[in-house]
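Written out below as C-alpha cells is the structure these notes cover.
What follows is calculated from the coordinates using simple rules that are stated; it is not laboratory data. Bear in mind that the values here come from a model prediction, so they are computed numbers and not experimental data. Backbone-built Cβ (ideal geometry, glycine too); neighbour counts: all protein chains shown.
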Amino acid sequence: MVSTWEWQVFCKNTIDGEVMPRCFGNGGEITYLDWLFSAWGWTLSVALLAMVVAIVTGSLMGILRTLPHKGLVFIGDAWTELFRNIPLLVQVFLWYHVLPSLFLSLRAIPSFILVVVALGFFTSARISEQVRAGIQSLPTGQRYAGLAVGFTLAQTYRYVLLPMAFRIIIPPLTSESMNIIKNSSVAFAVSIAELTMFAMQAQEETSRGIEVYLAVTGLYFLSAFAINRIAMVIEHRVQVPGLLGAK
Amino acid sequence: MTLDFSFLDWHLVSSFILKGLGFSFQLTLIAMLGGIALGTLLALLRLSGKPWLVLPAAAYVNTLRSIPLVMVILWFFLLIPLLIGRPMGAELSAIITFTVFEAAYYSEIMRAGIQSVPKGQVHAGYAVGMTYGQTMQLIVLPQAFRNMLPVLMTQTIILFQDTSLVYAIGAYDLLKGFEVAGKNFNRPVETYLLASIVYFVICFSLSMLVRRLQKKIAIIR
C-alpha cells in the first residue's frame, strides 16, 4: 500500500518534475495543477456543448415521434434506435476514424467538435425518449383543445404542449445533464486533453496515481453537483403555480 | 476513399473477433449475475430502516453512481494490485470492476422493485408466521424481480454497451478484436464500421426482446 500522501505532485513542473514555488507555472512552463484545471475546462466544454447539441436534436426528434405523420414518426424512431444501440465509445470512433475517411470535407473539423457531436447525438437519443414521453403524458384533450381554438399544429405545440412537456421532464433532463459530464470521459480515447486523459497521463508520468485520481474524481463530483444545483434553480423558476408540486 | 471488405473472411472472424466477443459476453454475464446479487443485497440494506445499514449502502451506491465508469475502471486497475500486492490482468480487473460498479445501478432497480410490492403482502407474510427472510425470499423478491425484469434487462443492454470501455485498460473485448483486426489488415475504417454494425444488431435485437417481454409482463400484472 502507498504509505504517505504526496500532494506536492500537483506543484511539479510537467517538463522537468521540479516543484514550482507558487504551484502555478509561469510563462511557457506549466505545473500539473495548471494542467488539471485546463483538463477540467476541456471536460466542461465538451459536456456543455454536447448538452446543447443533445437538447436541440433530442427535442426535435422527440417532437417528430409525436406528430400525426407516419414518415416523420419513423425518422424520429430510427434516429433514436440508431444512436441508442451503439456504445458511446464506438460512436466516438465512428465520428473520429470512419466518417472523415468517407467524407473528406470532415477532415478539416477539429476532433474536439467531432467528440461534441458524437456525445451530443448519443445523448439526443435518450432526450428524444424523454421529450416523447413528456408530450404523451399530457391528456390528448389538450392537443384537441389547441386545434379547436384555431391554433395550427405548430402553434399547438409551441403554446400548449411543449411548455408543459418540458416542465414535466426537467428531472430526467437533469440526470441526463449529469450523465453527460460522466460520459464526456470517453473523449480520452481520441486524445482530447480532458480530465480522464489527464488522469491517465499524469498517473503514468508521476506514479502518484491515487492523488491524481482523487483530484480528478473530485472534480467530476463537483461538476455533476453544480449541474444538479443549477437544474434545481431552473426547475424552481419555471414552476407553474398550483401544478407539479409547486408551492 | 472507397470501402473494401474483401479482407473479411472466416479466418479473420475466428482469430480476432470471436475471442473479443466471447470476453464481452462473459464480462456482461458475470457482471449481470454478480451485480444483481450484490445489488439486491444493497437494496435490502437500504430498505432495512436501520441507520448503520442504510448509510453505508447508500454511500456505496451514490458514490459509484456519481463517478464516470472509465474512472472506476482506472481506479480498480490501480488499486487492486496495490491491495493484493501483485499485478492483475486487465480482463480479471474488468470483471471485478464491472460487478462492483453495476451492483450500484442494479440496486436502485431492485429497490424500486421491492417498493412496488404492496406493504400488505409483507404484513400478510408476518401474520402467517413467516420470518423476515422467508417473507423476502418467498413473497417480496419473486414479485420484485418479475416487475423489474424489463428494467433489469435494459440495464444489462447498457452494461453490454459499457463493456467497450475496458478499452481504457487495454482488455481484449469485442471492440478491441475489431481494432486489432483493422490494424493487421490495415483496414481500420472498415473494421470500426463493422464493429458498430455488430454492436447495433446485438443491442437492437435485445431491446426488441425486452419490449416483447414488457408486454407479456404487463398482461400478467
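Taking A:Met200, A:Met178, A:Met61 as the candidate residues, the one with maximal mean-square fluctuation in a Gaussian network model of chain A, Cα springs under 10 Å, is A:Met200.
Between the helical axis of B:141-162 and the longest alpha-carbon principal axis of chain B there is an angle of about 20 degrees.
Taking Lys and Arg as +1 and Asp and Glu as -1, the other residues whose beta-carbon sits under 11 Å from that of B:Gly39 total 0.
For the protein assembly as shown, pairs of C-alpha atoms spaced more than 28 angstrom apart make up 59 percent of the total.
Calculate I(q)/I(0) for segment B:61-108 by the Debye formula, one identical point scatterer on each C-alpha and no solvent, and give its log10 at q = 0.17, 0.19, 0.31 Å⁻¹ to two decimals. Relative scattering, expressed as log10 I(q)/I(0), comes to -0.48, -0.58, -1.15. When only alpha carbons are used to place a centre, segment B:55-74 and segment A:1-68 end up 20 Å from one another. Please say if segment A:98-247 is rounded, prolate or oblate, where rounded means a/c under 1.5 for a ≥ b ≥ c the square roots of the C-alpha gyration tensor eigenvalues, and otherwise the choice is prolate for a/b larger than b/c and oblate otherwise? Taking the square roots of the gyration eigenvalues as a ≥ b ≥ c, segment A:98-247 is oblate.
Here the sum of -39500 (n - 2.57) over DSSP H runs of 4 or more residues, divided by the residues of the protein assembly as shown, equals -23000 deg cm²/dmol at 222 nm, to the nearest 500.
The longest part of chain B holding none of the exposed loop chymotrypsin sites (Phe, Trp or Tyr not before Pro), meaning those outside H, G, I, E and B in DSSP with at most 16 other Cβ atoms within 10 Å, is B:8-184. Between the helical axis of A:195-206 and the longest alpha-carbon principal axis of chain A there is an angle of about 10 degrees.
Based on alpha carbons, the Rg and Dmax found for chain B are 21.0, 74 Å. Over chain B, Cα pairs under 8 Å with separation of 6+ residues give a relative contact order of 29 percent. For peptide A:208-215, the mean count of partner chain Cβ atoms within 10 Å of a residue's Cβ comes to 2.
With R₀ set to 35 Å, the beta-carbon distance separating B:Met130 from B:Asn62 gives a calculated FRET efficiency near 0.65. Ranking A:Gly58, A:Val116, A:Thr217 by Cα position along the charge dipole of chain A, where only Lys, Arg, Asp and Glu carry charges on their C-beta atoms, puts A:Gly58 farthest toward the positive end. The label point for B:Ile197 and the one for A:Leu67, both projected 7 Å from the Cα toward the Cβ, are 3.1 nm apart.
Cysteine residues of the protein assembly as shown whose C-beta has no other cysteine C-beta under 4.7 angstrom: B:Cys203.
Other protein chain C-beta atoms within 10 Å of residue C-beta, averaged over A:79-92: 6. B:Tyr172 sits among other residues whose Cβ lies under 9 Å from its own Cβ, and their net charge, with Lys and Arg +1 and Asp and Glu -1, is 0. Spatial offset of segment A:87-137 relative to segment A:143-215 amounts to 13 Å, using the alpha carbon center of each. For segment B:13-93, the relative contact order comes to 13 percent (Cα pairs under 8 Å, sequence separation of at least 6).
For the peptide B:187-196, the mean number of other protein chain Cβ atoms found within 10 angstrom of a residue's Cβ is 5. By how many degrees, between 0 and 90 and to the nearest 10, does the Cα long axis of helix B:90-115 differ from the longest principal axis of chain B? Taking the Cα atoms of chain B, the angle to B:90-115 is about 40 degrees.
Rounded, prolate or oblate, given the Cα gyration tensor of segment B:131-215, with a/c below 1.5 counting as rounded? Because a/c hits 1.5 or more and a/b fails to exceed b/c, segment B:131-215 counts as oblate. Think of segment B:108-201 as a dipole: +1 on every Lys or Arg Cβ, -1 on every Asp or Glu Cβ, centred on the Cα centre; then among B:Asn184, B:Gly113, B:Met136, B:Met136 lies furthest on the positive end.
Placing R0 at 25 angstrom, the Cβ-Cβ distance between A:Trp7 and A:Ser207 gives a FRET efficiency of 0.95 after rounding to 0.05. Label separation (A:Phe225 vs A:Tyr159): 4.5 nm, computed from points 7 Å beyond Cα along the C-beta direction. Farthest toward the positive end of the dipole of the protein assembly as shown, out of A:Leu36, B:Leu78, B:Phe23, is the Cα of B:Phe23, where the dipole comes from beta carbon charges about the Cα centre. Fully extending the segment from B:Leu33 to B:Trp52, taken as 0.36 nm per residue of separation minus the present Cα-Cα distance, adds 4.2 nm.
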